[in-house]
Amino acid sequence: MFTDTKFAGRIGEKFGKDEPIFTSEILALFPELSRSQVFKNIKSAMKYKLLGFYVRGVYYLPSVPGVCSITPQDVIAKRYLGWGGERYGIISGNRMQSDFGMDEGSGPATEIVSNNETTRGRLISINGCKYIIKKSRCEITSENVYAYTLVQFFDELDLGKAPTEKAASNIEKFIRMHNISRDQVDEISGHFTARPMRNLKTTGIIRKIG
């Protein structure tokens, strides 16, 4: 078995302080150890506060021994949205609609679309915070994440319902800020039904895309 400091040290070479670290990531760091040996080392490192436990399957290296500063949002971001410059998911549903200015309210659970999900939708809870996770229609990347967000917004917009004036203005700014192209929108919308493209055309937003 590794010494506690050596075990935590190897984890620290790969992960930052107060970063959610999943069990699968720790197991991958120690291919020379059996699963049971890794868990013995985890338990020992936790005893000496070199490694912290957050929720089942999630650990962290504490900046201050015995003090946890990670949140459910951190866990969700790393697992389903993006981490370290990589993007693989977006926030959708009422939260996204509200962020664009549609006054939809927050809803009982935050909805997320992610590459790292395989179901059409399932509810999870992390320390009382609820999330509905859905699989993405196509791969979300750092290059297409903003175009995907735009298409997702118009996929969720009720047919015949125009964005509010505030939302329309925010959408136009979003398109310009992230240089969303028609090619990107056409490629991504091809993985959806006709609904988002129909809404883009009906609202006239399609003409704002270069």
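The values are calculated or read from the model by the stated rules, or taken from the named source; none is laboratory data. No experiment lies behind these values; they were computed from the predicted model shown. A quick note on method: Cβ atoms are made from the backbone with ideal geometry, for glycine too, and the neighbour counts reach across all protein chains shown. Accessible surface is based on the protein model in full, side chains and every heavy atom, while ligands, DNA and RNA are left aside. Shrake-Rupley method; radii C 1.70, N 1.55, O 1.52, S 1.80 Å.
Dipole orientation for the chain: of the candidates Ala77, Ala45, Thr118, Ala45 has the Cα lying most toward the positive pole (charges on Cβ; Lys, Arg +1; Asp, Glu -1). The structure shown yields Cα extents along the principal axes in Å, and of the options [x] 64, 31, 29; [y] 60, 37, 35; [z] 93, 30, 24 that calculated value carries the label [x].
Most simply put, region 90-210 has about 60% antiparallel DSSP beta bridges, counting only bridges with both residues inside it. Phe7 sits among other residues whose Cβ lies under 15 Å from its own Cβ, and their net charge, with Lys and Arg +1 and Asp and Glu -1, is +4.
On average, how much accessible surface per residue is there in region 106-210, in Å², for a 1.4 Å probe, leaving out ligands, DNA and RNA? Numbers along the way, then the final one.
Details: 5760 Å² over 105 residues.
Accessible surface, normalised per residue, equals 55 Å².
Using a cutoff of 8 angstrom between alpha carbon atoms and counting only pairs six or more residues apart, the relative contact order for region 24-95 works out to 13 percent. Only helices reaching 15 angstrom along their own axis (Cα) with mean Kyte-Doolittle hydropathy no lower than -1.0 count here, and for the DSSP H runs of the chain these are 35-47, 145-156, 165-177. Free of any GluC sites (Glu not before Pro) that DSSP assigns to a loop and that have at most 14 other C-beta atoms within 10 Å, the longest stretch within the chain is 33-138.
Sites listed here are trypsin sites (Lys or Arg not before Pro) in region 1-65 whose DSSP assignment is loop and whose Cβ has at most 14 other Cβ atoms within 10 Å: Lys49, Arg56. Taking a straight line from the alpha carbon of Lys161, these aspartates and glutamates sit under 15 Å away, with near neighbours fewer than eight places off in the same chain left out: Asp103, Glu104. Legend: residue pairs Lys14/Lys40; Lys130/Lys201; Lys6/Lys49; Lys6/Lys43; Lys6/Lys47; Lys17/Lys40, Cα-Cα distance threshold 24 Å; pairs beyond threshold, Lys130/Lys201.
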